[in-house]
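Asks: I have a structure I would like to understand better, so I am pasting it below and will then ask my questions one at a time.
Bear in mind that the values in this text are calculations on the coordinates, not laboratory data. On a predicted model such as this, the values are computed, not experimentally measured, just so you know. Methodologically, a virtual Cβ is constructed for each residue, glycine included, from the backbone with ideal geometry; neighbour enumeration extends over all protein chains shown.
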């Protein structure tokens, strides 16, 4: 369909997003934002927050609290650093967003060491344990689903290995699952994690502007002992207000209406079904790439369920490809940063369905035969 005729009821051309954020948002979710505004200290707002809290814990697979902030996921990276470490941090880096957490760590004046793994390769448990054994760390940061490379890190294995260390219970395991959570399996309580953060505009398929983090009792206790936690993201303050179904500062109420609607739909689909849908879309994308002679950036066994990073070994013009896709009402992502042109990324996350992905792949085929 030509983009000039592919319009929403809002009268604007609709470019369907197959990019790893912001992702495609369904009209029903966009419309949910249009409810009457309420004051954030009114009982209606507390009722909304309470409904959301009950449901979002199911998405994180936790009985612990989930803090909700009006921010990006990067804001909660900073929150994790300020609240959960006061000694030394191990930053596990294998891509652009894990490296951002290193930058956040250093910008906040925390002592850190870096476990640096080549982009496109996973962080492995044995490497984390070996690095932790070299120093007196109280926290590690790691990205679950590295958006820049399409690598899924084995968080469960890493967490098990860390907890088996003599001081493993004292190390805060801090996980960025911005492009993973609700699309890739992650079980907060069962994996014994301390903090997992994510954003609204990825696999949650919501507009940008909200970020969420599950926080363990152990992490909250740690925060209580840390001085200079900051103001906006102080977990102790967030906890005090959460117990009243409120937030310390004014929340993004319209976005929370959309979140409430989306959580209903996600739970109605069923999380295990949602995980499988993402795996199915990943597998057909991988099959398409190999079938056209492309290679994949991530190794087998560590390929993301939500975004596939295709190596541009055929040297196609990725900019021209996206121009062609835009003329047909859709778009994918070029490689991230220094990887631009070297690969391209096809996102298959959120509420996208198999038939929509198949339409994209057919359009990609038409471009390749030009």
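Asks: Go through (i) 144; (ii) 127; (iii) 173 and flag the label whose value is the computed volume of the Cα convex hull per residue in Å³ for this structure.
Replies: Derived directly from the coordinates: (ii).
Asks: Here is a follow-up. In percent, what relative contact order does the chain have, based on Cα pairs under 8 Å that are 6 or more apart in sequence?
Replies: Numbers: 736 pairs, mean separation 92.0, N = 370.
Across the chain, relative contact order equals 25 percent.
Asks: Tell me, in nm to one decimal, what length is gained between residue 54 and residue 217 on full extension, where the rule is 0.36 nm per residue of separation less the Cα-Cα distance?
Replies: Stretched fully, the residue 54-residue 217 segment lengthens by 57.0 nm.
Asks: For region 188-212 and region 42-73, what is the centre-to-centre distance using only Cα atoms, to the nearest Å?
Replies: 11 Å
Asks: Sticking with this structure for a sec: When a footprinting reagent is the concern and you count Cβ atoms within 10 Å, what order do 290, 367 take, fewest first?
Replies: Values: 290 12, 367 16.
Least to most surrounded, the residues fall as 290, 367.
Asks: Output the Kirkwood hydrodynamic radius of region 283-356, Cα pairs only, in Å rounded to one decimal.
Replies: On the way: mean 1/r = 0.0777 Å⁻¹.
After inverting the pairwise mean of 1/r, the radius is 12.9 Å.
Asks: Let me ask something else. Once R0 is set to 30 Å, what does the formula 1/(1 + (r/R0)^6) return for the Cβ-Cβ distance between residue 276 and residue 12, expressed as a FRET efficiency to the nearest 0.05? Let's see the in-between values first.
Replies: Details: r = 33 Å, r/R0 = 1.12.
Plugging the Cβ-Cβ distance into 1/(1 + (r/R0)^6) gives 0.35.
Asks: Give me the orientation-averaged projected area of the Cα convex hull of region 48-147, in nm², one decimal. Walk me through the intermediate numbers first.
Replies: Details: hull surface 29.5 nm².
Convex hull of Cα atoms, orientation-averaged projection: 7.4 nm².
Asks: Sticking with this one: Give me the extension gain from residue 338 to residue 264: residue separation times 0.36 nm, minus the current Cα-Cα distance, reported in nm with one decimal. Before the final figure, lay out each step's value.
Replies: On the way: separation 74, 0.36 × 74 = 26.64 nm, distance 3.91 nm.
This chain segment gains 22.7 nm when fully extended.
Asks: Let me ask something additional. If I model a spin label at residue 326 and residue 26 as a point 7 Å from the Cα along the Cα→Cβ vector, what separation in nanometres do I get?
Replies: 2.9 nm
Asks: Run the helix sum for the chain: -39,500 (n - 2.57) per DSSP H stretch of 4+ residues, divided by residue count, reported at 222 nm to the nearest 500 deg cm²/dmol.
Replies: -12000 deg cm²/dmol
Asks: Here is a further query. Treat each spin label as a single point 7 Å out from the Cα along the C-beta direction, and report the residue 46 to residue 163 distance in nm.
Replies: Spacing of the two 7 Å Cα→Cβ label points: 3.5 nm.
Asks: Turning to a different aspect of this structure: Of 319, 128, 175, how do they rank once you tally other Cβ atoms within 10 Å and put the fewest first? Can you show the working numbers first?
Replies: On the way: 319 11, 128 24, 175 29.
The order, fewest Cβ neighbours first, is 319, 128, 175.
Asks: Taking the Kirkwood radius as the inverse of the mean 1/r across Cα pairs, report the Rg/Rh of region 224-364. Intermediate values should be presented prior to the final figure.
Replies: Details: Rg = 20.3 Å, Rh = 18.3 Å.
Ratio value, two decimals: 1.11.
Asks: Still on this structure, I have one more. Please give the length that would be gained between residue 108 and residue 244 if that part of the chain were fully extended, namely 0.36 nm times their separation in residues minus their C-alpha to C-alpha distance (nm, one decimal).
Replies: Working: separation 136, 0.36 × 136 = 48.96 nm, distance 3.01 nm.
Net length gain for the segment: 46.0 nm.
Asks: Moving on to the next point. Just the number, please: Stokes-Einstein D of region 210-254 in µm²/s, Kirkwood Rh from C-alpha pairs, 4 °C, 1.567 mPa s. Each step should come with its number before you reach the end.
Replies: Numbers: Rh = 11.5 Å.
The Stokes-Einstein estimate is 113 µm²/s.
Asks: In whole angstrom, how far apart do the alpha carbon centroids of region 254-304 and region 311-370 sit?
Replies: First find each Cα centre; the distance between them is then 16 Å.
Asks: Could I ask something else about it? Only bridges with both residues in region 29-267 count here: give the DSSP antiparallel percent, nearest 5.
Replies: Working: 12 of 30 bridges.
Roughly 40 percent of the beta bridges in region 29-267 run antiparallel, per DSSP.
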